[in-house]
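Contents: one structure, followed by commentary.
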Amino acid sequence: MSYVITLSRQFGSQGQLIAQKTAELLQIEYLDKKIMEQIAEKSGIGAEHIDEHHKHGEKFWERNKMLFNLNSYDLNQEIFRHQKEIIREHAQDHSCLILGRSADAVLADFPHVLNVYIFAPFAYRLKNIQQFYNLDAEDAAAALKRVDGQRSDYRKFFGHNADRRQLMIDSQRFGVEGAVKMIAAAAELLFADLK
């Protein structure tokens with residue numbers, strides 16, 4: 001029987017790296033951009049539209065624009081419907097770790113799931129963003145606020161307002177390796193009888 005780890009994160013908290021390393025350690029499938037590729041393959045929707053959906057479709061002004069543009073609204077709903085199907089198919093087929101995509105909400109009725117949230121203090125995330133994207137402090141701060149806001153709006157837009165976090169980890173305090181070990185230990189504890 002399979003289990004799923006969903007991992008959501010604040011921008012700049014190194015959540016993506018933690019997710020990848022956790023999946024490697026547990027030897028389970030890692031899903032992130034692969035979901036977008038499968039949506040394009042399954043639906044025939046161009047990758048550029050799917051990317052826009054994930055980057056901008058959740059903004060407040062975009063939602064208002066959708067009220068007057070049913071095609072845009074329908075496209076966002078169709079993309080999300082395909083995303084939901086793909087997430088559920090993977091979760092039923094085999095153990096995996098899914099980064100973002102509101103997977104915790106999509107799998108709310110799934111019996112064997114661990115929902116993890118990675119966060120860190122603003123200054124730590126700011127430093128990470130500056131280094132990774134080679135930005136000055138002002139641009140990095142703007143990017144942090146924008147992306148965190150978009151992720152929050154995305155969840156609200158698709159009706160995923162409940163907080164399903166079961167394990168929250170401060171990546172500054174525990175570091176990438178410490179976070180990976182904590183998630184792996186929690187998965188071993190919760191899902192030992194599934195192996």
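For the range 88-102, the tally of residues that are at pLDDT 90 or above and closer than 9 Å to residue 31 by Cβ stands at 4.
Considering 133, 124, the condition of being without any contact (Cβ under 8 Å) to a residue 40 or more places away in the chain and either in contact with a Cys (Cβ under 9 Å, 6 or more places away or on another chain) or hydroxyl-bearing (Ser, Thr, Tyr) (or both) is satisfied by 133 alone.
Yes/no per residue for (1) closer than 28 Å to residue 4 by Cβ; (2) touching a helix residue (DSSP H, G or I) at 6+ places or on another chain (Cβ under 8 Å); (3) among the hydroxyl-bearing types (Ser, Thr, Tyr):
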residue	(1), (2), (3)
99	yes, yes, no
112	yes, yes, no
116	yes, yes, no
121	no, yes, no
133	no, yes, yes
141	no, yes, no
145	no, no, no
155	yes, yes, no
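Among the residues of the range 88-116, those identified as touching a residue at least 12 places away in the same chain (Cβ under 8 Å) and either aromatic (Phe, Trp, Tyr) or part of a helix (DSSP H, G or I) (or both) are 88, 90, 91, 92, 93, 103, 104, 105, 106, 110. Close contacts from the range 147-166, counting a first residue that is within 23 Å of residue 112 (Cα to Cα) and a second that is acidic (Asp, Glu) and modelled with pLDDT of 85 or more, with Cβ to Cβ under 6 Å and a gap of 6+ residues or different chains, come to 164/104.
Screening 20, 83, 77, 16 for residues that are at pLDDT 90 or above and over 21 Å from residue 146 (Cβ atoms) leaves exactly one candidate, 20.
The values are calculated or read from the model by the stated rules, or taken from the named source; none is laboratory data. Since this is a predicted model, take the numbers as computed values, not measurements. Positions of Cβ are backbone-derived with ideal geometry, glycine not excepted, and every protein chain shown enters the neighbour counts.
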